[in-house]
Amino acid sequence: MGMPFREKKELKEKEKDEKVIEINVPMQGAMAFNEPVNLKISGDFSGSLVTKGILTIAQTAIVEANVNGENIVIEGKVKGNVIAKKMLVLMPTAILSGDISTPKLNIVEGAIFQGKCQMLDDYLTVDELAQYLEIEEPAIVELATNGKIPAIKDESGWKFERVKIDSWAASGKVQ
C-alpha cells in the first residue's frame, strides 16, 4: 500500500530540517564543516575540503582538493586524495585521480579510478582512533584504561572495534 499520511508528513518535515548546501560557482580555499550537512558541489573547487554528513560531487564538478568526509558520492572529476570515514561511492561518470581510504567502497561500472585504495580495518589502533575521534592519544589510553570506552588489550596494545566505537560515540559518551 502507501505510507500513512502522518509518516509522509514527518518525512517531509525531516527533509526540511536537513541542511542542504549547493555550491555551483568556482571556489578555492579550505572549506570545513563541523556539523553534518548535505553538501553538493556542482562547480569548480580547489583547495581542501573537510565535511561531515553527505558530500556529493556532481557530474558538472571539477575538484582539485584533498577531500575528507563521512559519506562521499563522486559523479564528477576529482584530483586529490579522498578519505571517507563511512562510505565512498564512485558513480559511472566519476573520474578520480588520487588515493582513497574508506571502510566501504562502491565503484559503479564506468567510473575511472587511478590511485591506491586502502580499506580501513575493522580494528583501530590508539593513534588511528585518536585521529578518527579527533581526541588526543593520552586521553584515548586513559578512557581505555578506565573502561570508559569499548576496547580490547592484547600483547600489541589497545585495539578498538570500529562498530563498537561508532555506537559508543553516537550514544554521546565522548567527553
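Could you look through the range 21-54, keep only residues that are among the charged types (D, E, K, R) and crowded, with 16+ Cβ neighbours inside 10 Å, and pick out the one that is farthest from LYS86 (Cα to Cα)?
At the first step, the residues of the range 21-54 found to be among the charged types (D, E, K, R) are 22, 35, 40, 44, 52.
Within this subset, residues satisfying the condition of being crowded, with 16+ Cβ neighbours inside 10 Å are 40, 44, 52.
Values: LYS40: 17, ASP44: 25, LYS52: 10 Å.
Filtering the range 21-54 for residues that are among the charged types (D, E, K, R) and crowded, with 16+ Cβ neighbours inside 10 Å, the one farthest from LYS86 (Cα to Cα) comes out as ASP44.
Considering only residues that are free of Cβ contacts under 8 Å to residues at least 40 places away in the same chain and aromatic (Phe, Trp, Tyr), which ones fall in the range 112-155? Steps first, answer last, please.
The initial filter retains those residues of the range 112-155 that are free of Cβ contacts under 8 Å to residues at least 40 places away in the same chain, namely 112-119, 123, 125-131, 134-155.
Those that are free of Cβ contacts under 8 Å to residues at least 40 places away in the same chain and aromatic (Phe, Trp, Tyr): PHE113, TYR123.
Looking only at residues in the range 115-168 that are polar (S, T, N, Q) and touching a strand residue (DSSP E or B) at 6+ places or on another chain (Cβ under 8 Å), which one is surrounded by the most Cβ atoms within 10 Å (Cβ to Cβ)? Steps first, please.
Within the range 115-168, the subset polar (S, T, N, Q) is 118, 125, 131, 145-146, 156, 167.
From what's left, touching a strand residue (DSSP E or B) at 6+ places or on another chain (Cβ under 8 Å): 118, 125.
On the way: GLN118: 11, THR125: 16.
The selected residue is THR125.
Bear in mind that the values in this text are calculations on the coordinates, not laboratory data. Everything quoted here is computed from the prediction, not taken from an experiment. We place every Cβ from the backbone using ideal geometry, glycine too, and count neighbours over all the protein chains shown.
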